[in-house]
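Every number here is computed from the coordinates shown, using simple stated rules; none is lab data. These numbers come from a predicted model, not from an experiment. Here the Cβ is made from the backbone with ideal geometry for all residues, glycine too, and neighbour counts use every protein chain on show.
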Amino acid sequence: MDLVLSFAHEVEAALAKGLKVSLATVDVQGAFDALLVRRLLERMRKQGWPLACLELIKSFLEKRKAKVRLERVSTDFKDIKCGTPQGSLWSPVLYMLYLAELLLQDPELRFGYADDLALYRVSKSLQQNAEMLADDLKQVMQWGDKNKVFFTPEKCKLVHITRSRDISNPSVVIGDHLIIDPVQEPEDSGKEPALRWLGVWINQKFTFKRHIQERAGKTMQLSRHIRNLTNT
């Protein structure tokens, strides 16, 4: 939530100046499973973490085994050579340290929590924002290829934020292989187009109307479930 509040502050400041904001979100493919242990430890060493901490992290990630069980049938144990344990409180923190190099390339315009990354641009033109985001995302993809970090194209999302009457809604064109279109909703859905990032719905006017609708809907569902329980 702190990241969302930080981004909201930047957006409100930009809108107050009559500028336009474009936000793109990127999801890392198989993030926790694909983390390379030695590369993480090397990055943490460069970040200045003490040796005792590195040894602790190493013991946490190495010499792990797993097996698969389906009903009464089980496989043999296999060594796990990469990744972080799913469900551990350490895993999202370690992955943020793993991606710190990428985020610090442009800390003012890039946000990240675990495997959820967000990039934004601000200018007087949505088209200019889209072009700048395309360049930014190309750099992100290149860094990913170099560091064995891969992104899920179908989970890349885009929303343009403006309170002007600008009806343009440009896509971010990274290449023939990847074009990110702004979020849309079916006309008969009755829902305002919005991008969901870190649990918060962000719409084009930045009014959080869609977020309120979603939360209110879940609250109503919960109240109905509770009512049904009391009637049993």
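Run the helix sum for the chain: -39,500 (n - 2.57) per DSSP H stretch of 4+ residues, divided by residue count, reported at 222 nm to the nearest 500 deg cm²/dmol. Write down the numbers at each step before the final one.
Numbers: 8 runs with 97 residues, N = 232.
It comes out at -13000 deg cm²/dmol, rounded to the nearest 500.
Once you order the gyration tensor axes a ≥ b ≥ c over the Cα atoms, which shape class does the stretch 1-74 get: rounded for a/c under 1.5, otherwise prolate or oblate by comparing a/b with b/c?
oblate
Hey, what did the chain get for relative contact order, percent, Cα under 8 Å, at least 6 apart? Intermediate results must be reported in sequence, preceding the final value.
Details: 310 pairs, mean separation 53.5, N = 232.
Once normalised by length, the contact order is 23 percent.
Relative to the present Cα-Cα distance, how much length would full extension add between GLN184 and LEU97 at 0.36 nm per residue of separation? Present the calculation step by step, with values, prior to reporting the outcome.
Numbers: separation 87, 0.36 × 87 = 31.32 nm, distance 3.33 nm.
This chain segment gains 28.0 nm when fully extended.
Starting from 0.36 nm per residue, how many nanometres of slack lie between ALA8 and ASP79 once their C-alpha separation is accounted for?
Working: separation 71, 0.36 × 71 = 25.56 nm, distance 4.38 nm.
Extra length from ALA8 to ASP79 when fully extended: 21.2 nm.
Where in the chain are the DSSP H helices whose alpha-carbon span along the long axis reaches 20 Å or more and whose Kyte-Doolittle mean is at least 1.0? Present the calculation step by step, with values, prior to reporting the outcome.
Working: long enough: 2-16 (21 Å, 1.02); 126-146 (30 Å, -0.84); 209-230 (32 Å, -1.30).
For the chain, where a helix must reach 20 Å along its axis and average at least 1.0, the hits are 2-16.
Taking Cα extents along the principal axes in Å straight from the coordinates, which label in (i) 89, 37, 22; (ii) 50, 46, 32; (iii) 60, 57, 35 is the correct one?
The value matching this structure is (iii).
Hey, if you put +1 on the Cβ of every Lys and Arg and -1 on every Asp and Glu Cβ in the stretch 2-230, which of MET132, VAL21, GLY199 ends up farthest toward the positive end of that dipole?
The residue sitting farthest along the positive end of the dipole is GLY199.
Would you please put 41-54, 200-213, 103-116 in order of how densely packed they are, using the mean number of other Cβ atoms within 10 angstrom per residue and starting with the highest? If you can, show how the numbers build up before the last one.
Values: 41-54: 12.3, 200-213: 17.6, 103-116: 15.5.
The densest-packed peptide leads the list: 200-213, 103-116, 41-54.
Only Cα pairs within less than 10 Å get springs; with that Gaussian network setup on the chain, which residue of ARG38, ARG72, ARG163 has the largest fluctuation?
ARG72
Quote the charge dipole size of the chain about the Cα centre in Debye, to the nearest 20; the model charges only the Cβ of Lys and Arg (+1) and of Asp and Glu (-1).
Charge dipole of the chain: 740 debye, to the nearest 20.
Can you give me the C-alpha center-to-center distance between the stretch 158-179 and the stretch 89-133, rounded to a whole angstrom?
Their Cα centres are 18 Å away from one another.
FRET efficiency for GLN139 and LEU70, Cβ-Cβ distance as r, R0 = 45 Å, nearest 0.05? Can you show the working numbers first?
Details: r = 43 Å, r/R0 = 0.95.
Calculated transfer efficiency: 0.55.
Would you work out which of VAL37, ALA114, PRO92 lies farthest towards the positive end of the dipole of the stretch 25-124? Charges go on Cβ: Lys and Arg +1, Asp and Glu -1.
VAL37
For LYS191 and LEU229, FRET efficiency with R0 = 25 Å and r from the beta-carbon atoms, rounded to 0.05?
Details: r = 29 Å, r/R0 = 1.15.
Result of the calculation: an efficiency of 0.30.
Would you work out which of PRO182, LEU3, PRO170 lies farthest towards the positive end of the dipole of the stretch 2-230? Charges go on Cβ: Lys and Arg +1, Asp and Glu -1.
Ranked along the dipole, the leading option is LEU3.
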